[in-house]
Amino acid sequence: MRRLGLVFVGFAAIAAALIETATAQDDVRRLPVRRYVDKMQAGWIGQMAGVGWGGPTEWWCRGEIMAENRVPKWHPGLINQFNQDDIYVEMTFLQTLETHGLDVSIRQAGIDFANSRYRLWCANKTGRDNLRKGIAPPDSSHPKLNPNADDIDYQIEADYSGLIAPGMPQLAIELGEKFGRLMNYGDGLYAGQFVGAMYAVAFFEDDIVKIIKTALRAIPAESQYAEMVRDMLAWYEKNPDDWQKTWQWVEDKYHKDPRYSHGLWKLTEAGAKGEQNIDAKLNGAYILMGLLYGKGDPDQTIVISIRCGQDSDCNPSNAAGILFTTMGLEKVPARFKSALNPEGKFSHTPYDFPKLIDVSKVLVRQAVERGGGRIEKQANGEEVFVIPVVASQPSELMRSWEPGPIAGSKFTDAEMAKIQATSSGVHTKTDIGTDLEKFAPGWKSDNCGVAENPGLHASRGGREKVLVTHPLNGSMPCVLTKTVDIPTGRKTRLVIEVGHDPRGDWILLVTANGKQVKQEIIGGRTCIDGWTEVRVDLSGYAGKSVSLGLENRANGWHFETGYWSHIAIESD
């Protein structure tokens, strides 16, 4: 395991005089490269902390404030969030930029996104399905072809665009036009551009109100998303100490008022119930709620965003990422970074944390030079980014409830040949045989789906060396099988310890010679701290060979990932 000291760089020796911000007479900002790396790493850590803390609470509360005693306790192991769509989608965008450069075309970005293999929902899923069908961007996000176009998807994954663009919100806008337009339109797009701009500003400013006001210039002033941001600033000024009162104002306008919901936000996926509001404006307000009322405290920033409800892991992820960027890694409390596993791979990507940092460091150099800046070397050998101050030029005003015409964009035959996945790509099998043999020798697997990064993980759900499985689809389970000889004269049993993704549950089905002998739902109501032990008496097969099957079945196709910490045949 690589030591984190190789990733986390110290900055105590950097002279404060090197850190300069632009003045009215200055047309550049200066940022020591090592200071940039410190803040950039903190931004990534903040995202992982926010989504890790809020993950178990996602969709618990819709249209109500979460009770304080329902918020989970933080423990350092929660930082290892390598299987979250809030983060892994960004890795695809970074890989596209790493491979093709900052001037990559939107069509190439669409091809790369179409070929991604992780599980997606809402605007991301519809956008990717459209791309796989040959609908090229920007039509993949057009509201007539993507009814989820105002959802929060690009908002939750735009962090990368600011983390490689210190002091360059215009680059965050441009990257939104390449990647945000794959799945979002109008306010859904502006949401991500605004988030990216807040990160860009956070490298030079730690006053949250100033960060928000500056980032607001990056989106069309006439948009309803910009109106929401102005409302949040005004409501905070009017009511700076009672976030729950401001929450109610947000609820009344951005959840209940049809002039702002437009009937666009309701989830259409099977199993969605209640007032499950995925709209970018409402959830964006919850990001700002945490940032404003958290008043610079990382715990309060995350907890307030969680307690606002709705998508309560994505929102604290954005809020914490921005706040941690202002702080820099050295000032981030140890509890948020001490347990980071540097070898953990982000789902279906080539990136672990050290690789993520390395790629960000490469891309930011390209971004500075592309933006007309330069990299100076000081007499002491320190490098400094010299970054021009450029006024933001927002994207064109678009409204998802009154969309413009469809462009009629289609991928060419040559482009389609580069798209290997299909709209049902999430049902592709993956081979976990090697990992399974290490975990439980002699067992075989079949029909393991690619979603949720299956295989052997260093840790999951608070335990070490956990096998992760996933059903192939809603009706076909992932199956683990082994034929065993049952001894005579002894009591023999199958003992397994299984857990679940805190956001969902799954059905465990145990078979012997093809006959069902056990069935249990593995979820929050049946497990203690996410885990349960299941025992099956095999003594009735004494003196015989028995073919055992362990099935990870879907239970509504909602986070049905199987966690396995122990599989054994025991006799006494």
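None of the figures in this text is laboratory data; all of them are computed from the coordinates on show. What you see is a predicted model; the values in this text were computed from it and never measured. All Cβ positions, even for glycine, are placed from backbone atoms using ideal geometry, and neighbour counts span all protein chains on display.
Numerical summary
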{"read-out": "Over 31 Å between alpha carbons, listed pairs Lys133/Lys465; Lys361/Lys418; Lys73/Lys429", "value": "Lys133/Lys465; Lys73/Lys429"}
{"read-out": "Cut-off 12 Å between beta-carbons: net charge of the residues surrounding Glu382, Lys and Arg +1, Asp and Glu -1", "value": "+2"}
{"read-out": "MRE, 222 nm, helices only [DSSP H, n ≥ 4, -39500 (n - 2.57), over the chain, to nearest 500]", "value": "-10500 deg cm²/dmol"}
{"read-out": "Whole-Hz ³J(HN,Hα) from phi, Karplus 6.51 cos²θ - 1.76 cosθ + 1.60, for the stretch 528-545, glycine and proline x", "value": "10, 6, x, 9, 8, 9, 10, 10, 10, 6, 10, 4, x, 9, 3, x, 10, 8"}
{"read-out": "Amide H contacts under 5 Å for Cys478, placed H, 5+ residues apart", "value": "Leu472, Asn552"}
{"read-out": "Cα centroid separation, the stretch 209-252 to the stretch 527-559 (Å)", "value": "51"}
{"read-out": "Potential lengthening between Asp529 and Glu64 on full extension [0.36 nm per residue; Cα-Cα distance subtracted]", "value": "164.9 nm"}
{"read-out": "Length-normalised contact order of the chain in % [C-alpha pairs under 8 Å, at least 6 apart]", "value": "18"}
{"read-out": "Val209, Val71, Val364 arranged by Cβ crowding within 10 Å, fewest neighbours leading", "value": "Val209, Val71, Val364"}
{"read-out": "Charge context of Gln193, other residues only, Cβ under 10 angstrom, K/R +1, D/E -1", "value": "-2"}
{"read-out": "Sorted by Cβ neighbour density within 10 Å, fewest at the top, the residues His262, His75", "value": "His75, His262"}
{"read-out": "Unmatched cysteines, the chain - criterion: no other Cβ of a Cys under 4.7 angstrom", "value": "Cys61, Cys122, Cys308, Cys314, Cys527"}
{"read-out": "Whole-Hz couplings from phi, Karplus 6.51/-1.76/1.60, listed for the stretch 558-572; x for Gly and Pro", "value": "9, 6, 8, 5, x, 10, 10, 10, 6, 9, 8, 9, 10, 9, 8"}
{"read-out": "Exposure proxy order (Cβ contacts within 10 Å, fewest to most) of Arg30, Arg460", "value": "Arg30, Arg460"}
{"read-out": "Anisotropy class of the stretch 314-402 from Cα gyration tensor, a/c 1.5 cut", "value": "oblate"}
{"read-out": "For the stretch 425-571, alpha-carbon Rg over 2.2 N^0.38 Å", "value": "0.99"}
{"read-out": "Phi-based couplings in Hz for the stretch 362-367 (Karplus 6.51, -1.76, 1.60; Gly and Pro marked x)", "value": "6, 5, 5, 5, 5, 5"}
